[in-house]
Every structure is written in structure tokens, then in C-alpha cells.
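The values are calculated or read from the model by the stated rules, or taken from the named source; none is laboratory data. Please read these numbers as outputs of a predicted model, since none were measured by experiment. Don't worry about glycine lacking a Cβ; one is built from the backbone with ideal geometry, like all the others, and counts go over all protein chains shown. Ligands, DNA and RNA are excluded from the accessible area calculation, which covers all protein heavy atoms including side chains. Shrake-Rupley method; radii C 1.70, N 1.55, O 1.52, S 1.80 Å.
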Amino acid sequence: MALRVEGLSVRFEGTAVVDDVDLGLAAGSVLAVLGPSGCGKSTLLRTIAGLERPAAGRVLLEGRDLARVPTHRRGFALMFQDGQLFEHLDVAGNVGYPLRLRRRGRQERRRRVAELLDLVGLGGYDARLPTTLSGGERQRVALARALAVEPRLLLLDEPLSALDRGLRERLAADLHDILRAAGVTAVLVTHDQEEAFAVADTMAVMREGRLVQQGSLADVWAHPVDGWTARFLGYAEVLDGDRARTFRRLVAPDASWEAVALRRSALRLDPRGSLEATVEEARLTPELVRLRLDVDGLGVLPGVASPAAVVRAGERVRVSLDPARTAPLPGPA
Amino acid sequence: MARHRHAVATALLAALPLAALALFFVYPVAGMVGRGFVPDGRFEPGAVLEVLARPRVHRVLWFTLWSAAAGTLLSLVLGLPTAYALHRLRFPGRDLLRAVVVVPFVLPTVVVGVAFRQLIAPSGPLGGLGLDGSAVAIVAALAFFNVSVVVRTVGTFWESMDPRREEAAAALGATPWQVLRTVTLPALRPGIVSAASVVFLFCSTAFGVVLTMGGLRYANVETEIYLLTTQELDLTAAAALSVLQLLVVTGLLVLAARVRRSPPAARTARLLPRPRWTHAPVLLWTALTLVLLLAPLASLVAASLRRGEDWGLENYRALATTGADNALLVPVTEALVTSLEVALVAASLALLLGTVVAYLVSRPGGGRPRQLLDGVFMLPLGVSAVTVGFGFLVTLDRPPLDLRSSSLLVPVAQAMVALPLVVRTVAPVLRSVDDRQRQAAASLGAGPLRVLATVDVPAAWRALLAAAGFGFAVSLGEFGATSFLARDDDPTLPVVIYRLIGRPGAENFGMAMAASVVLAATTTAVMLAVQRLRGGSVGVL
């Protein structure tokens, strides 16, 4: 494990903002800490960077306790949501900043800056001032600056959240590739599960200062630990009690779970489907029709239909159920 | 048609303050300068050039320059760490300390001069240092005034600076010193330059401090103009220096306006950190600065409570008298009442005119005419108050305007001095109102007056009250112009204090101390009230 966080707690004014968190991260992998705003994920990141002091617990890098190592000696790099470029320096000055701190020669600096700008797709931007850049370009410069001295650990605080949707998706894919190309170990915190999925290999879900789940992307996605996590990951509905038992009889009569999470596409309009339902509402979106269905025996549930289908509210329809798009929950909803 | 009517209304509105400025500022100053340039009915620019060649004038100019530069430097050295401690850290009592730092700036200059002299006089607490009458003492007093300008201006910048930028640098491997040098200071540069230029302006035009502390050895341009007009009656030389000062100060103001930039809006509502051990040097420096700021005041209060070897309120009781050997024509208490009355009238005038100007210059659009208007009303900052005062004397003493015996003379002059500060306090607030709010109100059916009452006034009323308090405090402490205009039988408090310290006798000295404390306390009370109203808004300039 490159990075280990053990029993870490951080308190502000007596309140535990980060509460007994354990984390592990292998060298060269990218971990996404996912949680809603105010859950303590940014504080966790700042504590790993050495910007906040833990009330308890340790941060270890390659087995070495960092408690007495100040931020600037940790050899990390930190990238914020809004880049935090140095406005008085041009793009080359920003990217070359950590190189200058380490007294690298002018030649080497110039070569490395050009290399990094190429890596982030901004070749030739050297002389531009930060104020003349778009949001996406600023983040690319911030990333190049963070990568300049091959940080032992790259910390990303919502690096894409400030960007608009299309740009965010494109830059997330780029970020994924750039991090792999640079072979860097990174921790990303975000509230956006799509960002986490696009960039990271492993994921940790945080809620009210505590880590509720940690694992590979596929694992966390397929087996959310409870109803809250499932909803946060984007599951559309969580069933428990009688509805969950009824549902269990339909999909897995032998199982014993007491709650289940459903993605929106778990129920799909299908003339050969096994369930019958009344359409309560049908709304066209660019990719599919979103339905609200009153399913016989199960009550109101979300569902989808292909955009070609003609569905009206009040209609009786047949729907099929895709068990792969449901996730049984080990705990209560 | 509507546009035309709008333009006419604006012009009419602008006419009021412009007329006042022309009559009570441009006319007297021009009159004074004219006397110098046209001594015997003949225009003689040669005489003016001759003045500038005098060795004494060179000495005065040199002293003005280097004392202002040294005062600015000292203000920065003391003020920058204090700005950090008071605006980037969080500890109990911080808000009180912020208020304490502002106190010296609003103290009447005469009071500061008296307080410093008391501190360093051979008999005073620091008498052993032999600083009495030295240039070092003058520079220290200049810094004493202006540390608060540095703390406020740079502190506001520092406070609104996103700490994450420095954190990003630290994470990239910058040591705290490297972060300061490569990230913090460059980001603060506009604030520092802006503060330094304003402080330099204040230092180079300081009057009361240099007059009370400089004695016969040291004079700057401002006190030299005073001496030339009142003692040597050399109006040509006074006019020459006035014009020179006007040109230099206007240049400085233009420069200051160019580098002046509002601090960026705060982007994070992050809680400021509590001090750690690593902050110990900064906190010690801040404590030292605060001690330096409080020492003259404490010494002044102590001196006011002492008569010879005895402690007590004797000096305060004496304020109801005219002093030993009838040093004064009226008791000090009466002068205080006069000061308050004058300040009330002056503040009202300055507020009325200043608000109109602020309203006009803060309208969106308008381009050059508005910029020019803005600049014109900053002029009183650049002209020696002494020149204004003397100009009043020589121009407003005959028909059509004979105000010699009018009780309005002093308040009008003080209002002119306070006017730029009122404009500077109100205009930024009005300017910060998003014009789309006015458009929204108008689109909902509000007429121009209703827009004013429902959008501008609610946004600006605090600033208006603050400006009124500001004008009041400036007027209370005004000495440069008032020293010419106040009649002996109806003086203001600063004039009385200056007169008392010029008279022999422990009783008169003690009274001057007590009167200074009363004046300082009054001004401070007004300013602290203002401070509460303004909240965290930007500095004076």
C-alpha cells in the first residue's frame, strides 16, 4: 500500500468532521472518495495533504508516519476545484513553479513544461495568462502544474465540478488517461458519481464524516452497502419491508435479503414481460422514455421504455424485470 | 425627449456641488495662488521660479520627501504583519484589536503631535532616548497615524484572498517563506501599492504633526506654507509651494487611482485558522506594533491626570477656565461646544454635497464626464488645507461674498476638506449595486425616485451614516484650515490645544493634555460607531 490512513479523525470546534476513517491505496492506483457536500471528504483530503491536523489517527506513506512532515515536505501535489492558478504568472510560469522551487535548470524547466503542456493538450499555451483561459483550460494547467514534479501522491479536490457538463465528461476521460500515462497515485474527492467512475479504479463512499463503503468501482456499484449509499450512487428506488419481500419472491425466491435497490432501467416496457402495470406518467428524454409505473403487487416504481414506444398515462402495460439492474442490500434501507 | 430631460436633470443636480466647489474651494485657492503670482498687479512668474531655487525650499522639499518615504516604509513594516494577524487568524479579542488599530488614524493631528511630544519630552517616559524635536520622532508619529491605513487596506486584500492558492503552492513543495515570496506577496501587490501610495500622500501633506513636533528645525511643504503665510507674509513663496504641492499630489492621486483596485470578492467562507506556534513571530510583531500605537495614548492620558507631582482630575476641572494667565479668551469647554456645533454643520454640508457627487459618479455609463467629476472632487485632498484656509481669508472678505464674520466660514471650509472622504465612502457602495436591480425595479413599475428609495437607499444608508460620522470626525480634528479661520473668541478645540501648548506653565500644559484626551475620546467614539456601521467594508481610499 502506497498510502494508508488509519483511524483518522479531524475535529472542528469539537465536532468530528472526519470520524475514524481507514483507507488504503496501492501505488499507481486512483481512489475516488465520493460523498455529498459537507460529508468531510475535502477535510480528509486536506488532512492527508497536511493542511489540517488530525485529532486522532495516522497518515502513512510507504509505511512512514507523516505526522511530523509539513505539507511542503510531503512531496504531494494538490489540485483544487477552481485550479488556484497563480494569476501573476503565465501558463509556463505556473507549470514550472514547482520546478523552480526545486531549482531545476532553465533548459530542463522549459523542456518539462512543454512536455507537460503537451500531455494535458495545451501545447503552445506557455505565454498565456490564467485570466485569458477558459475553465477547462485552467484545470488542465492546474493538472500540469500538479504533475510537474512527479508527486508521490496527487490529491484532487473536485477537479471537474466547476466545469459544464460536456466539458466535464471530456476532461474526465482525459484525466483518466493522463493519470495512467503519468503512472501517478491519486486520491480524488467528488460528489459526482460519474466523475468518480470516469477517473478512478477504487472508490470509498463517505457520509457524515464516516467511511461507509470501500472497494473496486464495480464492487461498490453492484453491492451498495445500504439504501443511502445506493441512492447516492444513483439507484432510483430502494425497497424494504413487504415490498422488498414481494420483490424478492419475484427475482430470487431463495435469497434472504430484506432490502433492494433498483436502477431506473430495472423495469422496462416489454410486451412479453412477466409483470403488469398501469402507467402513471410518461416523460420523453433524449435517450428514452421515463415512466412512473404502478406495478401490480409492488406499488409505484420507476421504469423506462424505448423512445420509439408510444405510451400514455393510464394505459395498462406489461413490463419485464432485469435482475442485473437491481442490487440486494445487506443492511436496512 | 426623455433622454434629453434626463440629461438636463443630471446637469442641474451636478450644478449644486460644482457651484459649492467653485465658490468655496477653487475661488479661494485661486485667489491665494493669484496673490502669489501677481504680487503687485503684475504677473511675475520669475519670482516663483526664484522661490524654487532657494536653499531653504530645497531643504523643505527634501525633508518632505524623505520623511514621507520613511514614514511610509515604517508604516508598512509595522502594518503588514499586523494585517496578517488581524485579518488571517482567528483569536479572541481580534475584533477589539482591529478597532484599536484604527483609532490613531482618526485622532486629530494636533492631539497626536501633543501625545508624541509628551512621550519623548525630556521629562516624559521615553525622554532618555533624546528623541525630542528629532526627525526620528516625526517619522514615528507619521507611521503612528498610517499603520491603520496599511492594516485596513492590505488586510482587506489578505482576507479576501483564497487561502487555497497558498495551500496549492505548499503542497507543490514551497516552504512557508517561498509561499510568502512567490504567491502571497505578488497577490497582495495591488493592495500594498495602493496602501503605500495613500500613506505617502498623507505623510507628505501632514500638517499638525510636523507643526507641533518639528519646531524650528524641521518643516515640510505644508508647514512651510503655513509659516510663509502667517509669519513671513511671503505670499509669493507660499503660492509657489502650494502650486508645486498641488501638481505633485494630483500626480500621486492619479497614480493611486490607477493602481487602486478593489479587493476581489471573497470566494470562500472558510473559517480562519487559529494561531499556531509557527505564528509566534507574527503575533509578537503585532503585539509590539499595538504597544507602539497605544504608548503615546497611554502617556497622554497619564499626563492629563497629573499636575506637577500630584495625580488627579485637576486638569479636567481646569477645562472650564481660560487657563493660566488667561492664555485663552474662552474656556476649553466652550471651545468643545463650538467644535461640536461646527462639526455638525460641516458634516451635514459635506454629506449633502458628497452624496450628490457620489450618486452622480456612481451611475453606470457616463464615461469621461463622470470620471472627471470624480477626479475634480478629489482635489481638496491634494491642496494644502492651509492654502484653503488662507484663501478663504483673502477672497471671502469682501462683496459679493463677505463671510468674515459669518459663523459659516469655518464649517464651510471643513466641509470642503471632508468632501472627498464622503464621496469615497458612499460612491463604492452605490457602485456595487447591480444595475440590473434598478432595471428590475423599473420594469416592475417603479419611477426614478421610487427606484432610488427602494434600491439605492437601502443599499447605501449604512454608508451614508458612516460618511456623516466620518465627516464629523474629520471636522472635529481639522486644524490646517481652521487655524486661519477660527476667531480668537470662538475657537475650535484643536486650535485651543495648539494655543495652550504654545503657552508657558504646567497648568496650561496639563489643560492641553486633558483637552487632547477629551477630543481624542470624542473622535474615537464617533469613529467606533462608524466602524460598527460599515462592517467589513474597504478603507478610506
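Give the residues of the stretch B:160-181 that are facing another protein chain (nearest Cβ under 7 Å) and open to solvent by 20 Å² or more (accessible area, probe 1.4 Å), sorted by residue number.
Those that are facing another protein chain (nearest Cβ under 7 Å) and open to solvent by 20 Å² or more (accessible area, probe 1.4 Å): B:R164, B:R165, B:E167, B:T175, B:Q178.
Given the criterion assigned by TED's automatic domain parsing to the domain that holds A:V238 and either touching a helix residue (DSSP H, G or I) at 6+ places or on another chain (Cβ under 6 Å) or open to solvent by 20 Å² or more (accessible area, probe 1.4 Å) (or both), identify the matching residue among A:L284, A:L301.
It is A:L284.
Looking at the stretch B:394-412, which of the residues that are buried (at least 19 other Cβ atoms within 10 Å of the Cβ) and assigned to a helix (DSSP H, G or I) is farthest from the chain's Cα centre (by Cα)?
B:T395
Being open to solvent by 20 Å² or more (accessible area, probe 1.4 Å), on the phi < 0 side of the Ramachandran plot, modelled with pLDDT under 90 and touching a Leu at 6+ places or on another chain (Cβ under 8 Å) is the requirement here; does A:E87 meet it? Show your work before the answer.
On the way: open to solvent by 20 Å² or more (accessible area, probe 1.4 Å): yes; on the phi < 0 side of the Ramachandran plot: yes; modelled with pLDDT under 90: yes; touching a Leu at 6+ places or on another chain (Cβ under 8 Å): yes.
So A:E87 passes the test.
Of all residues in the stretch B:421-453, how many are free of Cβ contacts under 8 Å to residues at least 12 places away in the same chain, within 19 Å of B:L360 (Cβ to Cβ) and surrounded by 15 or more Cβ atoms within 10 Å (Cβ to Cβ)?
Residues that pass the stated criteria total 1.
If I ask for residues that are without any contact (Cβ under 8 Å) to a residue 60 or more places away in the chain and either in contact with a Ser or Thr (Cβ under 6 Å, 6 or more places away or on another chain) or of a type in the set (D, E, K, R) (or both), which ones from the stretch A:52-64 would you list? Write out each step before concluding.
Going residue by residue through the stretch A:52-64, those that are without any contact (Cβ under 8 Å) to a residue 60 or more places away in the chain are A:52-60, A:63-64.
Result: A:E52, A:R53, A:P54, A:A55, A:A56, A:G57, A:R58, A:R64.
Regarding A:Y97, is this residue more than 25 Å from the chain's Cα centre (by Cα), open to solvent by 20 Å² or more (accessible area, probe 1.4 Å) and aromatic (F, W, Y)?
It is false that A:Y97 is more than 25 Å from the chain's Cα centre (by Cα), open to solvent by 20 Å² or more (accessible area, probe 1.4 Å) and aromatic (F, W, Y).
Look through A:L101, A:L66 and report the one residue that is of a type outside the set (G, A, S) and more than 11 Å from every other protein chain (Cβ to nearest Cβ).
Numbers: A:L101 fails: more than 11 Å from every other protein chain (Cβ to nearest Cβ).
None of the other options fit; the residue is A:L66.
Please go through the stretch B:472-510 and give me each residue that is hydroxyl-bearing (S, T, Y) and not in a helix (DSSP H, G or I), ordered by number.
Step one: filter the stretch B:472-510 for residues hydroxyl-bearing (S, T, Y), giving B:475, B:482-483, B:492, B:498.
Listed by number, the list holds a single entry, B:T492.
In the stretch A:113-157, what residues are surrounded by fewer than 20 Cβ atoms within 10 Å (Cβ to Cβ) and within 14 Å of chain B (Cβ to nearest Cβ)?
A:L129, A:T131, A:V149, A:E150, A:R152
Just give me the residues in the stretch B:111-135 being assigned to a helix (DSSP H, G or I) and closer than 17 Å to B:L288 by Cβ, in sequence order.
B:L119, B:L129
Among B:V112, B:V100, B:V77, which is touching a helix residue (DSSP H, G or I) at 6+ places or on another chain (Cβ under 9 Å), in contact (Cβ under 8 Å) with a residue 12 or more places away in the chain and either over 27 Å from B:L336 (Cα atoms) or open to solvent by 10 Å² or more (accessible area, probe 1.4 Å) (or both)?
Values: B:V112 fails: either over 27 Å from B:L336 (Cα atoms) or open to solvent by 10 Å² or more (accessible area, probe 1.4 Å) (or both); B:V77 fails: in contact (Cβ under 8 Å) with a residue 12 or more places away in the chain.
Every option except B:V100 fails the conditions.
Of the residues A:F80, A:F12, A:F76, which is over 21 Å from the mean Cα position of the chain (by Cα) and at the interface with another protein chain (Cβ under 8 Å from one of its Cβ atoms)?
A:F12
Confirm whether A:G57 is open to solvent by 10 Å² or more (accessible area, probe 1.4 Å), within 28 Å of A:L217 (Cα to Cα) and at the interface with chain B (Cβ under 8 Å from one of its Cβ atoms).
no
I'm told B:A466 meets every condition in (1) in a helix (DSSP H, G or I); (2) at pLDDT 85 or above; (3) within 17 Å of the chain's Cα centre (by Cα); (4) crowded, with 24+ Cβ neighbours inside 10 Å except one. Can you identify the failing condition by its number?
Going through the list (1) in a helix (DSSP H, G or I); (2) at pLDDT 85 or above; (3) within 17 Å of the chain's Cα centre (by Cα); (4) crowded, with 24+ Cβ neighbours inside 10 Å, B:A466 breaks only (2).
From (1) within 16 Å of B:R499 (Cα to Cα); (2) open to solvent by less than 70 Å² (accessible area, probe 1.4 Å), pick out the condition that doesn't hold for B:N326.
Condition (2) is where B:N326 drops out.
Taking the stretch B:159-173 as the region of interest, how many residues are acidic (D, E) and in contact (Cβ under 8 Å) with a residue 24 or more places away in the chain?
Result for the stretch B:159-173: 2.
Do you know which of the residues in the stretch B:174-220 that are in a helix (DSSP H, G or I) and free of Cβ contacts under 8 Å to residues at least 12 places away in the same chain is nearest to B:T278 (Cα to Cα)?
That would be B:W177.
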